[in-house]
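Below is one structure, written out as structure tokens, with a few remarks after it.
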Amino acid sequence: MYFGFCTPEGYGGSLLTRLSDDGRVRIVRKSPLEPVSDILCQELFEALDANPPRRLFIDGLDTLVAGLIDQSRVASFVAAINAELASRGVTTVASATSGDLFGAVPDAPAGTWGLVDSIVLLRSHERDGGLNRSLAVTKSVQGAAGGAVHAYRIDDSGFSIGAPSEQRGTSNRAAARARRTGSRPAAPKPRGGA
């Protein structure tokens, strides 16, 4: 099930439409203009009750919690949603936008990163005069977060992930500078006091 606040066609175009037409994906769109978080969650759980999916994509966790009148409820609100979805056996993926389109750290509703099992950073960056997409697993409770950056593509055939980037461990600026000058980018500095 897709539960979100924008038009999902931008994510897969005709593929998502075909999956919806075939009955394999149910799309539930909500208006982002005046979200009231408690009402939206009630509608989400009603949609889940009507036709229980195995998987759920919440497109816009940040939009969902923006409608909370008391923003100090964000962490407990997200924890309650996670617990309810887990009790139903629904595998859930949620997205949150970042105000910094080219930054390395995504924005998140306050206090929510500790409540999730995994974090996958999807970002856009300039490379060789074009805008490219990349992803990296930045948190995983199963220990799979290696930090490797991969190119990815979403098109009518689905979602595809490329091999790890050769510039692993360097910033895009350093990698771009290395390409321009023909030099080798500096290795990342170790963290900590050693």
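Here is how the numbers come out for the structure above:
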{"read-out": "Among (1) in contact with a strand residue (DSSP E or B) (Cβ under 6 Å, 6 or more places away or on another chain); (2) at pLDDT 80 or above; (3) closer than 30 Å to Ser124 by Cα, the one test that Ala47 misses", "value": "(3)"}
{"read-out": "Hits in region 36-70 - residues which are open to solvent by 30 Å² or more (accessible area, probe 1.4 Å) and touching a helix residue (DSSP H, G or I) at 6+ places or on another chain (Cβ under 8 Å)", "value": "Phe45, Ala66"}
{"read-out": "Residue, surrounded by the most Cβ atoms within 10 Å (Cβ to Cβ), within region 93-136, restricted to residues that are modelled with pLDDT of 80 or more and aliphatic (A, V, I, L, M)", "value": "Ala94"}
{"read-out": "Filtered residue count, region 67-84, keeping only those that are under 21 Å from Ala47 (Cα atoms) and in a helix (DSSP H, G or I)", "value": "8"}
{"read-out": "Region 21-37 residues that are over 14 Å from Asn51 (Cβ atoms) and at pLDDT below 85, paired with ones that are in a loop (DSSP other than H, G, I, E, B) and open to solvent by 70 Å² or more (accessible area, probe 1.4 Å) (beta carbon under 9 Å, 6 or more apart)", "value": "Arg29/Thr7"}
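The values are calculated or read from the model by the stated rules, or taken from the named source; none is laboratory data. All figures in this text were calculated on a predicted structure; none of them were measured in a lab. Every residue, glycine among them, receives a Cβ derived from its backbone with ideal geometry; neighbour counts consider all protein chains shown. Heavy atoms of the whole protein, side chains included, go into the accessibility calculation; ligands, DNA and RNA do not. Shrake-Rupley method; radii C 1.70, N 1.55, O 1.52, S 1.80 Å.
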